Amino acid sequence: MILENKYLFKLIALSSSVFFLNGCIAKNSNGTYNTTYSYHPYNQNQTPSRQIKTPIYTASSIHSLQPIKHRFTNPINQNIEHIAKSMLGIEYQYGANGPYRYDCSSFTKHVFSRQGIKIPRVSRDQAKVGQFIYRNQLQKGDLIFFDSKKSSRVSHVGIYLDNGQFIHASSSKKCVTVSNLNSKYYREHFKWGRRVTNSSYASR
């Protein structure tokens, strides 16, 4: 009985080996298999019906990939810039309300009113409306405010353009002009910005 079991065990082992070597999928007469996705060694010469190519990235190619930058500018802000620049060279006069002379706050009030945005007449009051903006958050069309050597109170206002430039009715230049926010005087006396182009003022 033990001898029969021993022969039976060998027969089963031999059959399993043959089955494993021939694979679990029926082989064609030419030695190939019907499926193109078999991992059997005999199927290595077949070409899969669909190949997916994986891109190879090197260190240099990765560094060469640049992020896509999308820069959106509110059309209202573009219009404000256009209106303000169209007034370059108009004479400055303290207390003047236009149309031939302006002071700093009547200039900003006029520019924004032409875009349908109503803001107060005086710079100190303009400095209280809209969204408070820090210097590093400034965008085109923001109101920017300054104090003076005589007082820490708001005494001057302009309109931020871009790249550190702003437009204003300047008492020192005696006209509407473009100045650099990074120049010593304006850098030292800058207080904050206000954004009214995305507030309830813009819908009035």
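Pairs LYS109/LYS150; LYS118/LYS149; LYS109/LYS174: which exceed 26 Å Cα-Cα?
Result: LYS118/LYS149 exceed 26 Å.
Work out, step by step, the length gained on full extension between ASN74 and LYS173: first 0.36 nm times the residue separation, then minus their alpha carbon distance; give nm to one decimal.
32.7 nm
Taking a ≥ b ≥ c as the square roots of the Cα gyration tensor eigenvalues, with a/c under 1.5 meaning rounded and otherwise prolate when a/b beats b/c, else oblate, which class fits the stretch 75-203?
Cα axes put the stretch 75-203 in the rounded bin.
What length, rounded to one decimal in nm, is gained on full extension from LEU88 through to HIS189, with 0.36 nm per residue of separation minus their alpha-carbon distance?
34.1 nm
Which length gain, in nm to one decimal place, applies between ASN180 and TYR100 when the Cα-Cα distance is subtracted from 0.36 nm times their residue separation?
Full extension from ASN180 to TYR100 adds 26.3 nm.
Where does the charge balance sit around VAL176 when Lys and Arg score +1, Asp and Glu -1, over other residues with C-beta under 11 Å from its C-beta?
+2
No lab work stands behind these numbers, since they all come straight from the coordinates. Everything numeric here is computed off the predicted structure, so don't read it as measured data. When we count neighbours, we look across all protein chains shown, and the Cβ atoms used for this are built from the backbone with ideal geometry, even at glycine.
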